[in-house]
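**Student:** Just passing along the structure, written as structure tokens.
The values are calculated or read from the model by the stated rules, or taken from the named source; none is laboratory data. It should be emphasised that the depicted structure is a prediction, and the values quoted were computed from it without experimental measurement. We place every Cβ from the backbone using ideal geometry, glycine too, and count neighbours over all the protein chains shown. Remember, those area values only see protein heavy atoms, side chains included, never the ligands or the DNA or RNA. Shrake-Rupley method; radii C 1.70, N 1.55, O 1.52, S 1.80 Å.
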Amino acid sequence: MTRGDERLTADEAAHLRLLQALEHRGYDFVTVTPESHRRVVARASMRQARDLRGVFGWSLPFEEALVGAELFALMREGRLLQETASGWKSKVRVSRIRGRLFLHSAFPTDSDDSVFLGPDSMRFADFIADELARCPGITRMVDIGAGAGVGGIIAAASCPAAIVELADINRTALSHARVNAAFAGIQVETVESNGVDRIEPGFDLAISNPPFIFEEDAPAYRQGGGMHGAELSRDWTIEAARKLAPCGRILLYTGSAIVEGRDALRESLERELPALRCTLRWRELDPDIFGEELEKPAYADVERIAAIGAVVEKAA
């Protein structure tokens, strides 16, 4: 485990200073879906970055003079520069969610250690903030599959006295999460864990935004498994419920495939959670996301993919 920002590596310390410098410059960017990003950067006007949003948002090639000596030095120090035939490119993007900047992977996010952040992260953050406005007294929380740390960092703002653990199997994700937490002034512990495996029992809040897309050859960071991608969401929720403290709560944000009007993920959790002394509250936050997936053979029988906010509560 790593606690707080005291043990940032030299690279991570440079990443933190980069975020601070971008904040000082008033940098702002909202990350879109991969499909929208692909469409935008395919335009002739997007061949080369013209400002910091082009560099750290749209992942476009740029000339050193565009970012200036300070930012370029921080990128070099943090090993965030990639040299291409068209110019330099940043290995990271920086995006704002609920007023905070977050470091995550550059586009395209197609490597096995990519750290994704986008519209789902924004819905996840809003869901957490809404639910935790009515959830006082949290002493220990875990973010399962934390990625860039958005969930845990947003939750910590509502529960300042809680111990915050960010868990992920991806070491690059944990590195970015440590930097993002340090930038937000949040003390965290990071845990290298495959789902809930290495998380100690007894937490009173678990939050999670698991991968929920089914793709046979997808990188690990976005492979949700069977049930049209819902398998990982089900398994993490059940395992978290087993380790949840009495009166504890799980906040799950995920996508669920609807087939002939039925939600298999909801039905599975409704069957399995009562045996663990848990109740389930379920709502669709968006009825139709990632519609492009429906063109793939694995989704041939799916009507839509819904964004879900689920709340699991354990009895005393």
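**Student:** With the structure loaded, tell me whether Ile258 is in a strand (DSSP E or B), touching a Leu at 6+ places or on another chain (Cβ under 7 Å) and either β-branched (Val, Ile, Thr) or at negative phi (or both) or whether it fails that test.
**Tutor:** Numbers: in a strand (DSSP E or B): yes; touching a Leu at 6+ places or on another chain (Cβ under 7 Å): no; either β-branched (Val, Ile, Thr) or at negative phi (or both): yes.
When the stated conditions are applied, Ile258 does not pass them.
Listed here are the residues, each with its yes/no results for (1) at pLDDT 95 or above; (2) surrounded by fewer than 24 Cβ atoms within 10 Å (Cβ to Cβ); (3) under 24 Å from Arg96 (Cα atoms).
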position	(1), (2), (3)
Ala148	yes, no, yes
Cys159	no, yes, yes
Ala167	yes, no, yes
Arg178	yes, no, yes
Asn194	no, yes, no
Ile199	yes, yes, no
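**Student:** Is there a residue being in contact with a helix residue (DSSP H, G or I) (Cβ under 7 Å, 6 or more places away or on another chain), in contact (Cβ under 8 Å) with a residue 60 or more places away in the chain and not in a helix (DSSP H, G or I) anywhere in region 119-131?
**Tutor:** No, region 119-131 has no match at all.
**Student:** Oh, and also: Can we say Glu239 is without any contact (Cβ under 8 Å) to a residue 24 or more places away in the chain, under 18 Å from Glu272 (Cβ atoms) and either among the acidic types (Asp, Glu) or surrounded by 24 or more Cβ atoms within 10 Å (Cβ to Cβ) (or both)? Explain how you work it out, then say what you get.
**Tutor:** Numbers: without any contact (Cβ under 8 Å) to a residue 24 or more places away in the chain: no; under 18 Å from Glu272 (Cβ atoms): yes; either among the acidic types (Asp, Glu) or surrounded by 24 or more Cβ atoms within 10 Å (Cβ to Cβ) (or both): yes.
Here the answer is no, as Glu239 does not meet what is asked.
**Student:** Out of the residues in region 281-292 that are at pLDDT 95 or above and open to solvent by 50 Å² or more (accessible area, probe 1.4 Å), state the one that is nearest to Ile213 (Cα to Cα).
**Tutor:** Asp288
**Student:** I'd like the full set of residues that are aromatic (Phe, Trp, Tyr) and open to solvent by 20 Å² or more (accessible area, probe 1.4 Å), limited to region 201-215. Quick ask: steps written out before the conclusion?
**Tutor:** Taking region 201-215 as the starting set, the residues that turn out to be aromatic (Phe, Trp, Tyr) are 203, 212, 214.
The one that is aromatic (Phe, Trp, Tyr) and open to solvent by 20 Å² or more (accessible area, probe 1.4 Å): Phe214.
**Student:** Something else now. Of the numbered conditions (1) closer than 20 Å to Val179 by Cα; (2) open to solvent by less than 30 Å² (accessible area, probe 1.4 Å), Met122 satisfies every one except a single condition; which is it?
**Tutor:** Here Met122 clears every test but (2).
**Student:** When the residues of region 293-316 are narrowed to those that are open to solvent by 60 Å² or more (accessible area, probe 1.4 Å) and of a type in the set (Asp, Glu), which ends up nearest to Gly255 (Cα to Cα)? Quick ask: steps written out before the conclusion?
**Tutor:** Residues of region 293-316 that are open to solvent by 60 Å² or more (accessible area, probe 1.4 Å), as a first pass: 295-297, 300-301, 303-304, 313, 316.
From the residues that got through so far, the ones that are of a type in the set (Asp, Glu) too are 295, 301, 303, 313.
Numbers: Glu295: 17, Asp301: 16, Glu303: 13, Glu313: 20 Å.
Result: Glu303.
**Student:** Which residues, counting only those in region 65-76, are open to solvent by 90 Å² or more (accessible area, probe 1.4 Å) and either touching a His at 6+ places or on another chain (Cβ under 9 Å) or acidic (Asp, Glu) (or both)? Quick ask: steps written out before the conclusion?
**Tutor:** Initially, region 65-76 is screened for residues open to solvent by 90 Å² or more (accessible area, probe 1.4 Å), giving 65, 70, 76.
Across region 65-76, the qualifying residue is only Glu70.
**Student:** Can you name every residue in region 38-57 that is surrounded by 22 or more Cβ atoms within 10 Å (Cβ to Cβ) and outside any helix (DSSP H, G or I)?
**Tutor:** Ala49, Gly57, listed by residue number.
**Student:** While we're on this one: Right, Leu273: crowded, with 19+ Cβ neighbours inside 10 Å, in contact with a strand residue (DSSP E or B) (Cβ under 6 Å, 6 or more places away or on another chain) and within 21 Å of Ala316 (Cα to Cα) or not? Talk me through it step by step, then tell me what you get.
**Tutor:** Values: crowded, with 19+ Cβ neighbours inside 10 Å: yes; in contact with a strand residue (DSSP E or B) (Cβ under 6 Å, 6 or more places away or on another chain): yes; within 21 Å of Ala316 (Cα to Cα): yes.
Yes: the conditions hold for Leu273.
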